[in-house]
Amino acid sequence: MGEDNAPERQSPDAGLEPVEDVATFYDHLTADYHLVYADWRDEAVPRQGRVLDQLIQRELGPGTRRVLDCTCGIGTQALGLALRGHQVRASDISPAAVQRAAREAIALGVSLATSVADVRRLAASVAGAFDVVLSCDNSLPHLPTAADVRLAVAQMAAKLRPGGLLVIGIRDYDRLPAERPRATLPQVRDDLGGRSVYFQVWDWAPDGEQYTMHLFILRERAGTWQTTHHSTRYRALRRGELEEALVAAGLHDIRWHEPVETGHHQPLVTARAV
């Protein structure tokens, strides 16, 4: 077939509108990120710390560990593990999120070392080796290509001590592209400032391999509703692709842990350094 008659190749972003880059998205969302959870500081942070601590103890044995949360956001997992006695370093691509994580650590009375780092460049940004390297809350699917995922996983693996544990949490993208959900249920919060409503709308690309996530926050103040909108992109990162990246990084003993087993809100995969 001649080149003039060849089918047009779609770009990775075909069918999707432009969005903020990931760092800008989280910089803008930082002040409101806790609204993702029903009770972020008093319930979500300690619960996630407990769940992840139990997983770490099962995999590595009893004791506290040196942990790197390399996609820490405002500290949901990092703070929870620090509350459990672990020595935690928290890094993220978003400077504003890292700054809030540091402030929240002071408010909670825990020690948390922080730094700004792209997960694809950890070796140049974060010193030392760790017993556990962690990336939760569907962070890796922000990466636009399989090559980016392989690079990020290799960088994470390089920060592990021999026998160390890598923990990654993502949405179940072996299932979601077939279902293509359009939105999440609204979550309503009532506090001293008034009522807030949080929900997401997902616009899928025609091939189901990516979607734009629109995040809406509605606030009621003095009888008037105000709306805030943020948008970012995710790629449907299948388990097989992630497993291939883990193997390519020299990791072994790869195992998936389902929410019904761990109590975590998303599937977790663990892998061990040699």
Review point. If amide H atoms are built 1.01 Å from N in the plane of the peptide, which residues on other chains or at least 5 residues away come under 5 Å of the amide H of residue 210?
Key: 205, 236
Review point. Taking only protein heavy atoms and a 1.4 Å probe, what accessible area per residue, in Å², does the chain have with all protein chains in place?
Key: 46 Å²
Check your understanding: What full-extension length gain, to one decimal in nm, is calculated for residue 66 and residue 184 as 0.36 nm per residue of separation minus the Cα-Cα distance?
Key -> 39.0 nm
Exercise for review: Report the relative contact order of the chain, percent, no decimals, based on alpha-carbon pairs under 8 angstrom and at least 6 residues apart.
Suggested key: 18 percent
Study note, to complete from the structure: Residues meeting the amide H criterion for residue 130 (H placed from the backbone, H to H distance under 5 Å, 5 or more places apart or on another chain) are 160, 161
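Under 15 Å from the Cβ of residue 78, count the other residues' Cβ atoms, weight Lys and Arg +1, Asp and Glu -1, and hand me the total.
Details: positive: 41, 47, 50, 65, 66, 84, 89, 100, 103, 159; negative: 53, 69, 92, 104, 131, 137.
Charge balance near residue 78 sits at +4.
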Exercise for review: Evaluate the distance, in nm, between pseudo-label points positioned 7 Å from the Cα of residue 31 and of residue 216 along their respective Cα→Cβ axes.
Suggested key: 2.1 nm
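By accessible area of protein heavy atoms, probe 1.4 Å, what ranking do 179, 43 get, highest first? Walk me through the intermediate numbers first.
On the way: 179 105, 43 80 Å².
Putting 179, 43 in descending order of accessible area: 179, 43.
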Revision key, fill the gap. With the dipole of the stretch 203-274 defined by +1 on each Lys or Arg Cβ and -1 on each Asp or Glu Cβ, the option from 234, 217, 270 whose Cα lies farthest towards the positive pole is 217
Point to revise | Surrounding net charge for residue 47, when Lys and Arg each add one and Asp and Glu each subtract one, Cβ distance under 14 Å | key: -2
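Which net charge results when you count Lys and Arg as +1 and Asp and Glu as -1 among the other residues whose beta-carbon is under 12 Å from that of residue 171?
Computed value for this residue: 0.
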Practice item. Please give, to one decimal in nm, the separation of the simple spin-label points placed at residue 238 and residue 145, each 7 Å out from Cα toward the Cβ. Key: 1.9 nm
Revision key, fill the gap. In the chain the DSSP beta bridges are antiparallel at a rate, in percent to nearest 5, of 70 percent
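Carbon and sulfur atoms: what percent of the 1.4 Å accessible area of the chain do they account for? Kindly include the intermediate steps, with their values, before the conclusion.
Working: 6440 of 12560 Å².
That share works out to 51 percent.
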Study note, to complete from the structure: Applied in sequence order to the stretch 219-236, the curve 6.51 cos²θ - 1.76 cosθ + 1.60 (Karplus, θ = phi - 60°) yields integer Hz couplings, x standing for Gly and Pro, of 10, 9, 10, 6, x, 10, 9, 10, 10, 10, 10, 10, 9, 8, 10, 10, 10, 6
Check your understanding: Whose amide H sits under 5 Å from the amide H of residue 174, counting only residues 5 or more places off or on another chain, with H placed in the peptide plane?
Key -> 239
Practice item. May I ask you to list the residues of the stretch 93-130 whose amide nitrogen lies under 15 Å from a point 7 Å from Cα along the Cα→beta-carbon direction of residue 41? Key: 100-110
**Study point:** Spin-label zone in the stretch 36-65 - amide nitrogen under 15 Å from a point set 7 Å from the Cα of residue 103 along the C-beta vector
**Key:** 41
Check your understanding: Which whole-number percent gives the relative contact order of the stretch 136-274, counting Cα pairs below 8 Å spaced six or more residues apart?
Key -> 29 percent
Review point. Based on the Kirkwood radius over alpha-carbon pairs, what is the Stokes-Einstein translational diffusion coefficient of the stretch 27-74 at 4 °C with 1.567 mPa s viscosity, in µm²/s?
Key: 104 µm²/s
Review point. If you build a Gaussian network model of the chain, linking Cα atoms that sit under 10 Å apart, which residue out of 228, 24, 71 swings the most?
Key: 228
Check your understanding: How about the stretch 121-224: which trypsin sites (Lys or Arg not before Pro) there lie in a loop by DSSP and see at most 15 other Cβ atoms within 10 Å?
Key -> 175, 182
Review point. Given springs between every Cα pair under 10 Å in a Gaussian network model of the chain, which of 176, 112, 242 has the largest fluctuation?
Key: 176
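The values are calculated or read from the model by the stated rules, or taken from the named source; none is laboratory data. The structure presented is a predicted model; accordingly, all values stated were derived computationally and were not measured. Glycine gets a Cβ as well: all are built from the backbone with ideal geometry, and neighbour counts include every protein chain shown. Side chains included, ligands, DNA and RNA excluded: accessible areas come from the protein's heavy atoms. Shrake-Rupley method; radii C 1.70, N 1.55, O 1.52, S 1.80 Å.
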